[in-house]
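Chemist: Got a structure for you, written out below as structure tokens; questions coming shortly.
The values are calculated or read from the model by the stated rules, or taken from the named source; none is laboratory data. Because the structure is a prediction, the values reported are computed rather than measured. Because the Cβ atoms are built from the backbone with ideal geometry, glycine has one as well, and the counts that use them run over all protein chains shown. With ligands, DNA and RNA removed, areas are computed over all heavy atoms of the protein, side chains included. Shrake-Rupley method; radii C 1.70, N 1.55, O 1.52, S 1.80 Å.
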Amino acid sequence: MKNNQTNFEQIIGYTFQDKKILEIALTHKSSQKNKDELISNQRYEFLGDAVLELIITRYLFDNYPKMEEGDLTKIRSSAVNQNTLVEIAIEISIGDFILMSKSEEATGGRSKKSILEDSLEALIAAIYLDGGFSKTKIFIERYFFPKIANLSVFPGHRDYKTRLQEIYAKKGKRVIYRDSVDGPDHRRVFYSKVEVDSKTIGKGEGHSKKSAQQSSAEKALHKLEN
């Protein structure tokens with residue numbers, strides 16, 4: 001693992017003072033032998049999500065002083081959604097360095113969007129815990145900020161829920177999401193159906209309720225636009 005860590009640090013441009021923090025960030029819950037030990041990156045995901053959103057929010061606030069709150073929110077949603085996170089996760093090859101069970105790996109775990117997204121959020125938390133806010137900002141500035149420039153041209157373009165809601169709001173109709181979850185704790189899958197006038201117009205799934213709703217909204221938009 002030590003050599004793998006070194007290779008990964010070279011890719012992301014950050015060297016950890018505490019290697020254990022990086023190890024936890026790269027440990028998928030499927031590799032836990034003792035379920036009572038909190039050694040997976042699940043808690044790190046929680047922290048990383050919040051840190052990422054804060055840094056992105058401050059960047060938008062400082063760099064787009066004339067943009068309205070609604071458009072700022074749309075850009076932020078697109079910048080931190082699953083598609084963007086997966087793009088960056090692939091860019092830094094994080095899937096190659098994740099510790100996971102053989103069964104998870106055998107089912108394509110290293111390329112699963114949900115695992116890539118979660119691991120990147122965990123990595124952000126790890127950098128924050130190890131190097132503080134300034135080091136984390138440097139990492140996010142390197143990988144996320146360049147994408148914001150494109151997102152700002154058409155705010156909300158990739159925020160499927162917002163786009164779908166705006167379409168039906170103009171028609172005086174309400175968009176409703178019906179959510180469910182299935183599977184064991186280490187392989188939970190969220191499902192979402194989006195409805196208008198009690199009719200299902202899109203179905204999706206994801207590793208969280210948020211990503212499942214975005215997926216169902218994307219499917220609904222695809223039907224409307226084709």
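Chemist: Anything in segment 197-218 that is open to solvent by less than 40 Å² (accessible area, probe 1.4 Å) and not in a strand (DSSP E or B)? List them, or say none.
Modeler: Hits for segment 197-218 are Ser208, Ser211, Ala212, Gln213, Gln214, Ser215, Ser216, Ala217.
Chemist: Scanning segment 62-84 for residues that are assigned to a loop (DSSP other than H, G, I, E, B) and open to solvent by 60 Å² or more (accessible area, probe 1.4 Å), which turns out nearest to Tyr160 (Cα to Cα)?
Modeler: Glu68
Chemist: Tell me, please, whether a residue that is assigned to a loop (DSSP other than H, G, I, E, B) and either open to solvent by 60 Å² or more (accessible area, probe 1.4 Å) or without any contact (Cβ under 8 Å) to a residue 40 or more places away in the chain (or both) can be found in segment 40-58.
Modeler: Yes, that holds for at least one residue.
Chemist: Let me ask something else. Any residue that is open to solvent by 50 Å² or more (accessible area, probe 1.4 Å), touching a residue at least 24 places away in the same chain (Cβ under 8 Å) and part of a helix (DSSP H, G or I) - is there at least one of those in segment 6-16?
Modeler: Pass one, segment 6-16, residues open to solvent by 50 Å² or more (accessible area, probe 1.4 Å): 6-7, 10-11, 13, 15.
Pick out the ones that are also touching a residue at least 24 places away in the same chain (Cβ under 8 Å) and you get 7, 11, 13.
Of the ones still in play, those that are also part of a helix (DSSP H, G or I) are 7, 11.
Yes, segment 6-16 has at least one match.
Chemist: Continuing with the same structure: Would you please name the residue that is modelled with the lowest pLDDT, looking only at residues in segment 156-183 that are part of a strand (DSSP E or B) and open to solvent by 60 Å² or more (accessible area, probe 1.4 Å)?
Modeler: So, considering only residues that are part of a strand (DSSP E or B) and open to solvent by 60 Å² or more (accessible area, probe 1.4 Å), the one modelled with the lowest pLDDT is Asp182.
Chemist: Moving to a separate point now. I'd like to verify a number: residues in segment 100-133 that are buried (at least 20 other Cβ atoms within 10 Å of the Cβ), hydrophobic (A, V, I, L, M, F, W, C), over 15 Å from the mean Cα position of the chain (by Cα) and outside any loop (DSSP other than H, G, I, E, B), how many?
Modeler: 2
Chemist: Then there's this: More than 12 Å from Ser114 (Cβ to Cβ), open to solvent by less than 40 Å² (accessible area, probe 1.4 Å) and free of Cβ contacts under 8 Å to residues at least 60 places away in the same chain: does that describe Val194?
Modeler: When the stated conditions are applied, Val194 passes them.
Chemist: Out of (1) under 20 Å from the mean Cα position of the chain (by Cα); (2) of a type in the set (A, V, I, L, M); (3) modelled with pLDDT under 90, the odd one out for Met67 is which?
Modeler: All conditions pass for Met67, except number (1).
Chemist: While we're on this one: For Thr136, only one of the following conditions fails: (1) farther than 27 Å from Asn7 by Cα; (2) open to solvent by less than 80 Å² (accessible area, probe 1.4 Å). What is its number?
Modeler: It is condition (1) that Thr136 fails.
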